[in-house]
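Accompanying notes for the structure given below.
The values are calculated or read from the model by the stated rules, or taken from the named source; none is laboratory data. The structure presented is a predicted model; accordingly, all values stated were derived computationally and were not measured. All Cβ positions, even for glycine, are placed from backbone atoms using ideal geometry, and neighbour counts span all protein chains on display. Just so you know, the surface numbers come from the protein's heavy atoms only, side chains and all, with ligands and any DNA or RNA stripped out. Shrake-Rupley method; radii C 1.70, N 1.55, O 1.52, S 1.80 Å.
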Amino acid sequence: MLTNLSAFFSFSFFTSLTVHDMHLLGSLPYALNQAGLPFGLLLLIVVGVITDYSIILLIKGGNLSGTNSYQALVQSTFGFPGFLILSGLQFLYPFIAMISYNITTGDTLTKVFQRIPGVGPDHILAERHFVILMSTIVFTLPLSLYRNVEKLGKVSFLSMVLTLTIVIIVIIRAATLGPQINPTENAWAFAKWNAIQAVGVMSFAFICHHNSFLIYGSLQQPTLANWSRVTHISVGSALIISTVFAVAGYSTFTGYTQGDVFENYCRNDNLATFGRFCFGLSIITTFPLECFVTREVLSNVFCNRNLSKAEHVAITMLIITLCTSISLAYDCLGIVLELNGALSAIPLIFIIPSACFLKLSSGRWFQRENLIPSILIILGLFVMITGLTMTGVFPQQCSHGVEMFYCADANVSTASINFKMNTTHLRYSLILVFYLISSSVQNIP
């Protein structure tokens, strides 16, 4: 049993990484909107099980090949071409994730600032470009300049606590706001035609393979049995949190659910505003984890050595400048999630771990323990090709920053909703959370 403190923090950190894409947790109600509630839940469970299986399969492949990183595993099995393909995917996934982080930060915190007295829609704090730039300069860039990911452990744990807070807020609003919004037509249909695109979004939300070897090596006893136990608990916890959040969010807004569920809440909803604040802070604190991965990929491909201090700063600045520039120019989150899910998450979860294991194991592809990896490769190729095609042919409409029609309805005003928070309570809550995040950053050794 993993009873020591080091193992507990490894579990906590890995769980946070498993659901660390907080803006992707916010996109899961949108995935249910695409797939249909019953079928979407089934797909969510299937993606969770496949994620759990492929994470363990990845470490099995590492043990068979004697390697201790995802890139080394692929290079040992498929040579330099395989290494380049994986490096491209490993760079693409966190890079697009960082773009998504910035888009969500701009969408979320602008609405938070508009609840401050004197800050209206025309105020600079309500301008998404300004908010993205300031959050980058003040928070994400300084945190991303850390060379050691372990120093971000406390911040990541705080992000997990904020995740649970947000889930509770969404559940409360499902009970208080949901009954006042009429469901859309076919809101409870078993399945919808664009369910394949939902698989990409779900996979994007669950992927954590690029960090698996790092966490495996941090265990005090890095055995396959211990790793399997940590993985089952971590992915299982993530699946439960994701399911509760997705169902609560979708059941509140049904067919009106957007790529970021917090875009659905009314601007004068103080409890939702507090949730947006926690949401934005969680995104800001997990941004550096993705930057760490992209920087490591570039370092391994182009330098193949430890970066000097100047190189470290230069590459970090380049990565953040590029992703910030793109996020300033583009603001449609749903399409970004679908493309990244199909382009990078599906290959990294379904295809590559299975292909490496099959190449290293003995026997035919369709015999005994090789059967499931073979099925995953075929399934992954189908979902990847179909998802990309459907995203290109049937792009989702983006309604960024639009106040939903039901917010003007007096029956859905925050004055009629229980559990409301007045402006004073909200202000003190924001100060408290800001203090906690600032203390966590300052206490990093």
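Residues are listed down the side, and each one gets a yes or a no for (1) under 13 Å from residue 105 (Cα atoms); (2) open to solvent by less than 10 Å² (accessible area, probe 1.4 Å); (3) assigned to a helix (DSSP H, G or I); (4) modelled with pLDDT of 90 or more:
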{"site": "233", "(1), (2), (3), (4)": "no, no, yes, no"}
{"site": "236", "(1), (2), (3), (4)": "no, no, yes, no"}
{"site": "245", "(1), (2), (3), (4)": "no, yes, yes, yes"}
{"site": "252", "(1), (2), (3), (4)": "no, yes, yes, yes"}
{"site": "271", "(1), (2), (3), (4)": "no, no, yes, yes"}
{"site": "279", "(1), (2), (3), (4)": "yes, yes, yes, no"}
{"site": "283", "(1), (2), (3), (4)": "yes, yes, yes, no"}
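Of all positions in the range 392-401, none carries a residue that is in contact (Cβ under 8 Å) with a residue 40 or more places away in the chain, in a helix (DSSP H, G or I) and buried (at least 17 other Cβ atoms within 10 Å of the Cβ).
Here residue 93 clears all of (1) of a type outside the set (S, T, N, Q); (2) under 22 Å from residue 334 (Cα atoms); (3) open to solvent by 30 Å² or more (accessible area, probe 1.4 Å) except the condition numbered (3).
Are any of the residues in the range 346-359 at pLDDT below 75 and open to solvent by 30 Å² or more (accessible area, probe 1.4 Å)? The answer is no; no qualifying residue exists.
Screening residue 122 against (1) modelled with pLDDT of 90 or more; (2) farther than 23 Å from residue 294 by Cα leaves a single unmet condition, (1).
All told, residue 205 falls short of being crowded, with 16+ Cβ neighbours inside 10 Å and assigned to a loop (DSSP other than H, G, I, E, B).
I'd like the full set of residues that are without any contact (Cβ under 8 Å) to a residue 40 or more places away in the chain, within 19 Å of residue 88 (Cα to Cα) and crowded, with 16+ Cβ neighbours inside 10 Å, limited to the range 308-318. Residue satisfying the conditions is 315 alone.
When the test is whether a residue is of a type in the set (A, V, I, L, M), closer than 30 Å to residue 25 by Cα and either at pLDDT 90 or above or assigned to a helix (DSSP H, G or I) (or both), residue 339 passes it.
If the condition is being surrounded by fewer than 21 Cβ atoms within 10 Å (Cβ to Cβ) and in a helix (DSSP H, G or I), then the range 297-307 contributes 298, 299, 300, 301, 302, 303. With respect to being in contact with an Asp or Glu (Cβ under 7 Å, 6 or more places away or on another chain) and under 24 Å from residue 348 (Cα atoms), residue 232 fits the description.
Test residue 387 against the criterion of being without any contact (Cβ under 8 Å) to a residue 40 or more places away in the chain, open to solvent by less than 50 Å² (accessible area, probe 1.4 Å) and under 25 Å from the mean Cα position of the chain (by Cα), and give yes or no. Criteria not met by residue 387. Evaluating residue 212 against the criteria (1) over 25 Å from residue 168 (Cβ atoms); (2) open to solvent by 10 Å² or more (accessible area, probe 1.4 Å); (3) in contact (Cβ under 8 Å) with a residue 60 or more places away in the chain; (4) small (Gly, Ala, Ser) leaves one unmet condition, (2).
To keep it simple, each residue is scored yes or no on (1) in contact (Cβ under 8 Å) with a residue 60 or more places away in the chain; (2) of a type in the set (D, E, K, R); (3) under 20 Å from residue 89 (Cα atoms).
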residue	(1), (2), (3)
282	yes, no, no
294	yes, no, yes
297	yes, no, yes
305	no, yes, no
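Residue 215 satisfies every condition listed in (1) within 30 Å of residue 69 (Cα to Cα); (2) at pLDDT 90 or above except (2).
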